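Accompanying notes for the structure given below.
Please treat every number below as a calculation from the coordinates, not as lab data. These figures come from a predicted structure and were not determined experimentally. Cβ coordinates were reconstructed from backbone atoms using ideal geometry, including for glycine residues, and neighbour counts include every protein chain displayed.
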Amino acid sequence: MDCALEAQFIDNGDSWSLLQMYFKHSTTLAPMQALTLWCQFNDNDFVQVTNDEATFNTVPADEALSWIDTPCSYRWCAPEHLPTAMRSLHSGGCLVGAKKTEHATCILIGFTDSNDAQYHASTEAAFEHYLTHLYRASCIGQMGTQQKYIDNLQKQLSKNESMSALGEMVGAVTHEINNPMGVAITGLSHLKCEVKRLVKDFEEGALTEVSFGEFVEECTDCCHLLEFNLERAVTLLKGFKNTAVDQCASQQCMFDVGENIRNLMLSISPEIKRQGIDLEISLPENPVYINGYPGAVSQIITNLSFNAMRHAFEHTTHPRICMSGKLDPRLATFTLIFEDNGSGIPREIQDAIFTAYFTTKTGCGGSGLGMSIAKELAEVKLGGTLVLDPDFTSGARFIMCVPIASQ
């Protein structure tokens with residue numbers, strides 16, 4: 001799955017600002033012409049902290065400073081003893097300070113035109129102070145950047161999973177629309193034949209009151225047939241369009257969760273029906289409003305439905321999926337129970353089903369992301385919970401509970 005994301009070290013601004021401030025301060029201790037900060041980004045690279053988010057210098061870890069073998073090291077040396085990427089245009093000496101922990105290493109380099117080491121003693125204490133604060137700032141920036149990268153990756157994976165589910169719906173909806181459209185075309189063809197027969201009888205003077213009455217009756221039946229089947233096709237398309245819009249919506253809004261589920265099932269039910277699975281839905285008749293993301297509800301139910309279709313019914317004679325929703329005004333929550341009568345989930349893997357990339361269908365098209373994404377959407381986008389009922393033994397039962405909007 002190509003997510004087109006590239007990890008980057010983007011300083012959050014703290015370490016760059018501190019570096020600039022310390023550079024001004026260091027000129028009072030020694031004639032420093034430059035001060036650079038390098039941070040370990042991963043196991044393989046050091047990157048230079050700059051105020052530019054787009055470009056930065058990189059030094060492979062195995063080409064960095066091999067003498068850094070203690071938690072805090074200082075050395076006065078000539079620039080040529082540094083890795084090429086870490087050198088400055090200044091031809092004098094440089095004071096190198098390094099702070100190392102089990103998690104990362106931070107390197108501070110001060111350059112001067114002088115090659116006299118007399119500044120070593122006077123600046124080492126300042127460097128130790130600088131390094132302590134810069135290390136903390138840069139590590140916070142680095143962790144924030146990596147978390148941002150992980151969050152973006154998760155969003156992209158969630159979007160890909162959503163698009164994958166929509167793609168699977170397309171085939172089922174297209175197949176389902178073929179039936180009413182086929183009947184409508186057949187009815188229209190029959191209506192055209194009846195009109196031709198009426199015109200012929202009229203031109204030949206053979207039109208009678210009885211034949212005209214038969215024509216009116218046939219036209220009425222055909223119109224009813226066309227109306228019913230075209231409305232069915234429109235309903236399917238409307239449901240799929242609403243589902244697609246909801247799946248892709250990124251804005252928080254007030255929406256009726258019952259209507260959201262009904263629209264979604266218009267798109268999913270053709271695939272459920274094609275697989276010979278009975279579907280039972282029981283939702284509150286009155287609107288139940290949630291202040292959240294309609295696409296999150298659609299994605300959760302889509303993932304649960306396709307997960308059941310893929311995993312639950314391999315050895316089930318009469319497969320069934322049941323969904324029931326219940327409003328609890330006292331707790332201001334809406335609870336949706338999704339259950340199937342399939343083979344169930346073995347107790348030894350129940351704790352792992354919401355773990356990302358966990359799948360029992362490795363090599364068979366299972367990404368292992370559906371359930372972890374569903375749980376995260378329920379918690380993050382809807383402010384609720386999604387759990388597996390461990391006591392349900394007649395298949396699998398998932399319970400989603402989300403807060404409703406205050407009236």
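What ranking of Trp38, Trp76 emerges when the number of other C-beta atoms within 10 Å of each C-beta is taken as an exposure proxy, fewest first?
Ranked by crowding around the Cβ, least crowded first: Trp76, Trp38.
Between Glu217 and Glu314, how high is the FRET efficiency from 1/(1 + (r/R0)^6) when r is the Cβ-Cβ distance and R₀ = 56 Å? Nearest 0.05.
Working from the Cβ atoms, E equals 0.65.
Which distance in nm do the two modelled labels at Asp391 and Ala332 give, with both placed 7 Å along the Cα-to-Cβ direction?
With each label placed 7 Å out from Cα toward Cβ, I get 2.8 nm.
By how many nm would the segment from Asp351 to Leu237 lengthen if fully extended, with 0.36 nm per residue of separation less the alpha-carbon distance?
Full-extension gain reported as 37.2 nm.
Please provide three numbers in whole Å: the alpha-carbon extents of the range 250-403 along the principal axes, with the largest listed first.
Principal extents (Cα only, largest first): 39, 29, 29 Å.
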